[in-house]
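Okay, structure first, notes after.
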């Protein structure tokens, strides 16, 4: 007989879809929608297609479905259509509430509340710090959810009055750390467990996420989340994919698309893990993989023009052609001496960039000649004529011009006051 295959629980972890980011996009004439919306949905589709093709046990989304806290109907429909495909295939989906998913007012519904309202099967919403028991085809899974915590809910408390912003953050961090440990200690050690958080960890590296954050962050220590009760810690909120440690693994999946040039060098994608329920708590993770997606490329072309360059425009164009610009979002930064600035043909440079998806900018940093500074001893021993000649020479003034200026200067100096 063939041996019975080993039972593993396969989980897909992704976050920060940010549907609605449309910077550096152009309008599709056929749909009237931004090309950047298409970018974000295409990488989102890669996640869904992988989950369906590989029969994952759970799709775990760690927050920030949209850019806006009040997404348009078009954006909500696009997100929901893909969740519905997973639900229809019998794949449970856990949706953690991020800071961009929360409404501006605490009494209003979040952008993710539509799923339980419509009783969409196999959908779980992590809207509060609590433990959720999720059923999968490979058995039960415990998820401790740490959604984005409203700062306002803490500020309304009596014991927070009169505290500085730093002191408020310290109280929030202390409270979250204590609540997480309390939830973790209450877990069933016989059942696999995951912490899903939308939060900043102090040791994490950011790229451009700071520009996307709404309000002041509270920051937890790595030790606050890396508890031995968890088999894996899945995080969202910071766009740069990174693993912060092992035992358990603490991982930001990162976003699916770059938001701006701060994320130019980030690889975008999602994570897939495998847990063996038969192993002891904290040791069940048997496989971890990061799967890159086909995200839109950002590209910066930097060119330094020297005073000896005969044709500054040609040098910039050649630098552009050395890069694969087709389909990329491109910016060009040119450093150029002031005396050559007038020789730079920006129209020709822009023509060389026609294959780019979007031209963000062609910027020039004009380098002015530095003023010659004389040492104190030297300046004391130079007469005005000698100092003027030295200055004109440092500015590369032609010899005939220096001669004329010096004659005029001497004539002025000889005039009676």
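General observations
- Antiparallel DSSP beta bridges within the stretch 189-348, as percent of all bridges there, nearest 5: 35 percent
- Sequence of 345, 39 once ranked by neighbouring C-beta atoms within 10 Å, starting from the fewest: 345, 39
- Potential extension, residue 408-residue 167 segment - 0.36 nm per residue separation minus Cα distance: 79.9 nm
- Computed FRET value (nearest 0.05) for residue 130 with residue 264, which takes r as the C-beta separation and R₀ as 30 Å: 0.20
- The spacing between the stretch 278-335 and the stretch 35-76, judged by their C-alpha centroids, is 24 Å.
- Sorted on the mean count of surrounding Cβ atoms within 10 Å across their residues, most packed first, peptides 168-175, 13-20 read 13-20, 168-175.
- Taking the number of Cβ atoms within 10 Å of each Cβ as an exposure proxy, the fewest-first ranking of 148, 182 is 182, 148.
A short reminder: the numbers here are calculations on the coordinates, not readings from a lab. Fair warning: this is a prediction, and the values are worked out from it, not measured in the lab. No Cβ is skipped: glycine too gets one built from the backbone with ideal geometry, and neighbour counts run over all protein chains shown.
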